[in-house]
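Below: the structure, in structure tokens.
The values are calculated or read from the model by the stated rules, or taken from the named source; none is laboratory data. Owing to the predicted nature of the structure, the values given are computational and were not obtained by experimental measurement. Here Cβ is always computed from backbone atoms with ideal geometry, including for glycine, and neighbour counts include all displayed protein chains. These area figures cover heavy atoms from the full protein model, side chains too; ligands, DNA and RNA do not enter into them. Shrake-Rupley method; radii C 1.70, N 1.55, O 1.52, S 1.80 Å.
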Amino acid sequence: MQGRSRMTEETSSSIAASSFTADSTPERSDASKSVSGPTLPNEGKAAIFDLDGTLLDSMGVWDAMDARFFRERGIRCPDDFSTAVAAMQFREIAEYAKKRFDLPDTAEELMAIWNRMAAYEYAHTVVPKPHALSYVRHLHETGARLAIATTLPASLREPALEHAGLKPYFHIQCSAGDDNVKGKEHADIYLLAATRLGVRPESCTVFEDILPGIRSARSVGMNAWAMYDASSDKDWTSIGQIATGTLRDFSDAPNIL
């Protein structure tokens, strides 16, 4: 299941930078060491990253949680459940599950249950996709403005970003719930990120793993690179036809946006 948004919150992170070497172990450095100047190759450009399945290798966490949740209620988790809820906001997922499976829980109770189940995994277990940290650091060092655009709430994304070492590099974070933003089948969250970064849509590059996100980002003139994730395998051919390019890991991502 795609990461699920539970609240509206934007966090401005402190910034750090160091060099990009795909096969090296990235380390944080002080902001004072950041490269500056008028000729940085990614200056005036922005990169907008999804978290679950794109920057974070976390989709297996949701699959396991879904299976456990339904098993405890005597329900077989349907094969199409993750796909059906991929672009939804968290409350939409809770309402969808309640209606589809005639669950006795309220939407609020379902959200609380899922939040408790996921909290430990995001704070301690979830790791970045291969070379993600090196690539994010490279983009920051070369002048790009960086944003998170996710359906994850702050209660999950903040611990995950800290655990993965990614948090210091991002200027802003957006959730699908921010300012009544719709799910990723609409471009609102990407446009919100661009506005808050102060970068025009045509100068933004989105990194996503789901077809609705790739499609909506492209519809507003943004570049959109697709990161392969097993959860979107059935859509991979369609994703490749729409995306600016496709990736298996971030060692193949564009150095210049």
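Out of everything in the stretch 175-188 that is at pLDDT below 95 and open to solvent by less than 50 Å² (accessible area, probe 1.4 Å), what residue ends up being nearest to Arg145 (Cα to Cα)?
Ser175
Consider Leu110 carefully, then state whether it is assigned to a helix (DSSP H, G or I), under 19 Å from Arg71 (Cβ atoms), at pLDDT 90 or above and open to solvent by less than 20 Å² (accessible area, probe 1.4 Å).
yes
Can you name the residue in the stretch 114-149 that is touching a helix residue (DSSP H, G or I) at 6+ places or on another chain (Cβ under 8 Å) and part of a loop (DSSP other than H, G, I, E, B) and is also surrounded by the fewest Cβ atoms within 10 Å (Cβ to Cβ) among such residues?
Thr125
Restricting to the stretch 94-107, and then to whatever is touching a residue at least 12 places away in the same chain (Cβ under 8 Å) and assigned to a helix (DSSP H, G or I), can you tell me which residue is most open to solvent (accessible area, probe 1.4 Å)?
If we filter the stretch 94-107 for residues that are touching a residue at least 12 places away in the same chain (Cβ under 8 Å), which is where we start, we get 94-98, 101, 103, 107.
Of the ones still in play, those that are also assigned to a helix (DSSP H, G or I) are 94-98, 101, 107.
Details: Ala94: 0, Glu95: 94, Tyr96: 64, Ala97: 0, Lys98: 73, Phe101: 38, Ala107: 11 Å².
So the residue we want is Glu95.
Residues checked against (1) open to solvent by 70 Å² or more (accessible area, probe 1.4 Å); (2) in contact with a helix residue (DSSP H, G or I) (Cβ under 9 Å, 6 or more places away or on another chain):
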| site | (1), (2) |
| --- | --- |
| Ala64 | no, yes |
| Gly74 | yes, no |
| Cys77 | no, yes |
| Arg91 | yes, yes |
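Tell me which residues, restricted to the stretch 189-208, are free of Cβ contacts under 8 Å to residues at least 60 places away in the same chain and either of a type in the set (Val, Ile, Thr) or open to solvent by less than 10 Å² (accessible area, probe 1.4 Å) (or both).
Step one: filter the stretch 189-208 for residues free of Cβ contacts under 8 Å to residues at least 60 places away in the same chain, giving 189, 191-192, 195, 198, 200-202.
Listed by number, the residues that qualify are Ile189, Thr195.
Checking the structure you have, find out if any residue of the stretch 63-83 is under 21 Å from Glu208 (Cα atoms) and charged (D, E, K, R). Give the steps one after another, and end with the answer.
Of the stretch 63-83, the ones under 21 Å from Glu208 (Cα atoms) are 63, 80-83.
After this cut, where a residue has to be charged (D, E, K, R) as well, the list is 63, 80.
Yes, that holds for at least one residue.
For the stretch 106-157, name all the residues that are within 20 Å of Pro41 (Cβ to Cβ) and among the β-branched types (Val, Ile, Thr).
Val136, Thr142
Please work out if Arg91 is among the basic types (Lys, Arg), at pLDDT 75 or above and touching a Cys at 6+ places or on another chain (Cβ under 8 Å).
Details: among the basic types (Lys, Arg): yes; at pLDDT 75 or above: yes; touching a Cys at 6+ places or on another chain (Cβ under 8 Å): no.
So Arg91 fails the test.
Suppose we filter Glu27, Glu9 for residues that are loosely packed, with under 13 Cβ neighbours inside 10 Å and at pLDDT below 80; which single one remains? Before you say what the answer is, go through the steps one by one.
Numbers: Glu9 fails: loosely packed, with under 13 Cβ neighbours inside 10 Å.
Answer to the selection: Glu27.
Being small (Gly, Ala, Ser), closer than 17 Å to Leu191 by Cα and surrounded by fewer than 18 Cβ atoms within 10 Å (Cβ to Cβ) is the filter here, so list the residues in the stretch 213-251 that pass it. Don't jump to the end; show me each part of the working.
Of the stretch 213-251, the ones small (Gly, Ala, Ser) are 213, 216-217, 219, 221, 224, 226, 230-232, 238, 240, 243, 245, 251.
Restricting the remaining residues to those that are closer than 17 Å to Leu191 by Cα gives 213, 216-217, 219, 221, 224.
Matches in the stretch 213-251: Ser219, Gly221.
Quick check on my filter: what residues within the stretch 159-185 are closer than 13 Å to Leu51 by Cα and basic (Lys, Arg)?
Selection gives Lys167, Lys184.
Quick test for you: out of His131, His138, pick the one residue that is in contact (Cβ under 8 Å) with a residue 60 or more places away in the chain and within 17 Å of the chain's Cα centre (by Cα).
His131
Would you be able to tell me the number of residues in the stretch 61-90 that are under 30 Å from Thr205 (Cα atoms) and touching a residue at least 40 places away in the same chain (Cβ under 8 Å)?
Qualifying residue count, the stretch 61-90: 12.
For the stretch 72-93, indicate whether the set of residues that are closer than 19 Å to Ala147 by Cα, of a type in the set (Val, Ile, Thr) and assigned to a loop (DSSP other than H, G, I, E, B) is non-empty.
The answer is no; no qualifying residue exists.
When the stretch 166-184 is examined, which residues are found to be part of a helix (DSSP H, G or I) and either under 14 Å from the mean Cα position of the chain (by Cα) or among the basic types (Lys, Arg) (or both)?
Filtering the stretch 166-184 for residues part of a helix (DSSP H, G or I) gives 167-169, 178-180.
Lys167, the sole residue that qualifies.
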